[in-house]
Amino acid sequence: MRLRPAVMWSRQALACSRGGAIGWILLAVVLLSVIPPHGLLSENEENYFALAERFVAGSAWPQETAVFDASPHRALSDGTLGALVSAIGYTPAQIVARLLTVAGYALVLPPLFSVLALSALDAAVVVMSMALLGQDIVGGEWLFSGYEAKVAAYILVLWALRLVLEERLTAATLLFVGATYFHFLVGGFWFAAAMTLRLIDAPRNLRSAARAVAAYAILVAPLCGVIVWFRLADHSAALARDVPPPDIIYSIIREPHHQSPFLSWQYFRDHWLPGYVMATPMLFCCIWLARNGATRRVRVVAVWLGSLLAYLFLVLGPKFLDRDSGALGKFYLFRPASLIEFLWLMLVLAAAVQTAGKRARLLRAVLLATIVPMFVYVQGGRLMREIGASRAVEGQKAILAAAVTRLTAPGDVVLVDPEVESQWLDFERRSGRPTWVMWKFAPTNDAELIKWYRRIELRKAVFEEGCGADIGIAPPAFLLTTPAAASRLVASCGPEVFRGGPWVLVARNR
């Protein structure tokens, strides 16, 4: 009889271990579904992988390439990713980077969820829910997709938030420092948010928070110095009279979906208001949980998330005042929205599980029975369409890229029609020929934003007015365009030299 309690405890421990393993496996499968390591680079990956490779290995045509964003504050991300891309190539690097991303999220999410008495299975439920709802409230942000610098930063931030909730500020601060060196805005905002969480949790313990702030400030000072020096040394905006100010180019012309809710009333109504309609009940839910949460930790986190949701509303004020200048655009004031949504889903699930009590298993079963079929249908369909679309054009793209390589010289610029740009973001790495400018590959610093905008306008003139347009530069050697546009362009530019699939290569008379 004396051995019976030990036997029962060991059986319970084994059951918990098995349940945890099943939950972790489901979480890993879900993450692999939303971050599929299939080797098909996303639009952002095409940009950031190319920038990282150029950071490490340089470019064969630095003056003609469309990938020319030089931002030294990304050195840690560009150096690590660039070394990987240079060593094994774009497609294998994407597979490796996404697998590491899945592993990172799978390792940090269960410990974070455990702070609110949730499991890896609950983490899988939240990731699936977020994928179904959309990974953003406002501002077009996401957590689970491809790989780029902010993803590494988010993984470190999630790890650090768990340590903050466990009152381990020293280790958390170091993780926030690492996140900041990977992505300055992600690491910086969430460190400030974490210190706010710490003060909400222990308002009288100012010393520990002050020490953390001081340590963080000292450790990120070199990076801040690089950013400030780089900005102060750039006088391009004052010298450029023929283009809009760089802030307008970046925030209002190029990225209103991230930066400019007040581009117009109709734009706000159609693209931003739905997110705020969603955020309003989320905020009221936090207010209710802050008063009625079953545990103190739930109440503390509810107060904190309520303040973060309120931030998304409050920041509309300065953005309204900024609507014509775009001066605040590079701070990405709406970027926290995605992680706020994720943490809110975690909080609500924790509150629901605690309320359910002994019926928590039934609650989880109902959630899984509801969410999993929808997730499989939506995510499976997306993956099939993504892979199918790639396979459908892969052969045609390979044939055209080989023809371009054969018919052009290494330094020849092949200007890509805006109508087909989205299909050819991989043009330079496929063909080994520069493309001069792409709308997607917009830089972030003032001097290169001005250069990018001028090139965009000149490209527009060529494809709208033909090669007779006075664009003020040496014309491109070749144009990649559609059959419909080619029939119009050959009169002023030159003959077709290759037609493959839905694309035509036009050689300019020289």
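Bear in mind that the values in this text are calculations on the coordinates, not laboratory data. Please read these numbers as outputs of a predicted model, since none were measured by experiment. So basically every Cβ, Gly included, is an ideal-geometry build from the backbone, and we count neighbours across all protein chains shown.
Out of ALA294, ALA302, ALA337, ALA290, one residue alone is over 24 Å from the mean Cα position of the chain (by Cα) and under 21 Å from TYR154 (Cα atoms). It is ALA302. Kindly indicate whether LEU163 is without any contact (Cβ under 8 Å) to a residue 24 or more places away in the chain, crowded, with 21+ Cβ neighbours inside 10 Å and of a type in the set (A, V, I, L, M). Taking the combined requirement at face value, the residue satisfies it.
Table: residues versus (1) surrounded by 14 or more Cβ atoms within 10 Å (Cβ to Cβ); (2) in a helix (DSSP H, G or I).
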{"residue": "GLY326", "(1), (2)": "yes, no"}
{"residue": "LEU349", "(1), (2)": "yes, yes"}
{"residue": "GLN354", "(1), (2)": "yes, yes"}
{"residue": "LEU362", "(1), (2)": "no, yes"}
{"residue": "GLY388", "(1), (2)": "no, yes"}
{"residue": "LYS397", "(1), (2)": "yes, yes"}
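Name the one entry in ALA160, ALA153 that is out of contact with any Leu (no Cβ under 8 Å at 6 or more places or on another chain) and of a type in the set (A, V, I, L, M). Answer to the selection: ALA153. Please determine, by comparing only the residues of the stretch 173-193 that are in contact with a Phe, Trp or Tyr (Cβ under 8 Å, 6 or more places away or on another chain) and farther than 26 Å from LEU328 by Cα, which one is surrounded by the fewest Cβ atoms within 10 Å (Cβ to Cβ). Top of the filtered list is THR173. Of all residues in the stretch 310-328, none that is on the phi > 0 side of the Ramachandran plot and in contact (Cβ under 8 Å) with a residue 24 or more places away in the chain has its Cβ atom under 6 Å from the Cβ atom of a residue that is among the aromatic types (Phe, Trp, Tyr) and loosely packed, with under 13 Cβ neighbours inside 10 Å, 6 or more apart or on another chain. For ASP270, state whether it is surrounded by fewer than 17 Cβ atoms within 10 Å (Cβ to Cβ) and of a type in the set (D, E, K, R). Yes; evaluated as a whole, the condition is true for this residue. Look at (1) buried (at least 16 other Cβ atoms within 10 Å of the Cβ); (2) within 23 Å of GLY134 (Cα to Cα); (3) of a type in the set (Ser, Thr, Tyr) and you find that TYR250 fails only one, number (2). Among the residues of the stretch 257-270, those identified as in contact with a Gly (Cβ under 9 Å, 6 or more places away or on another chain) and outside any loop (DSSP other than H, G, I, E, B) are HIS257, HIS258, GLN259.
Please give the number of the condition SER42 fails out of (1) touching a Gly at 6+ places or on another chain (Cβ under 7 Å); (2) among the small types (Gly, Ala, Ser); (3) crowded, with 22+ Cβ neighbours inside 10 Å. Unmet condition: (3).
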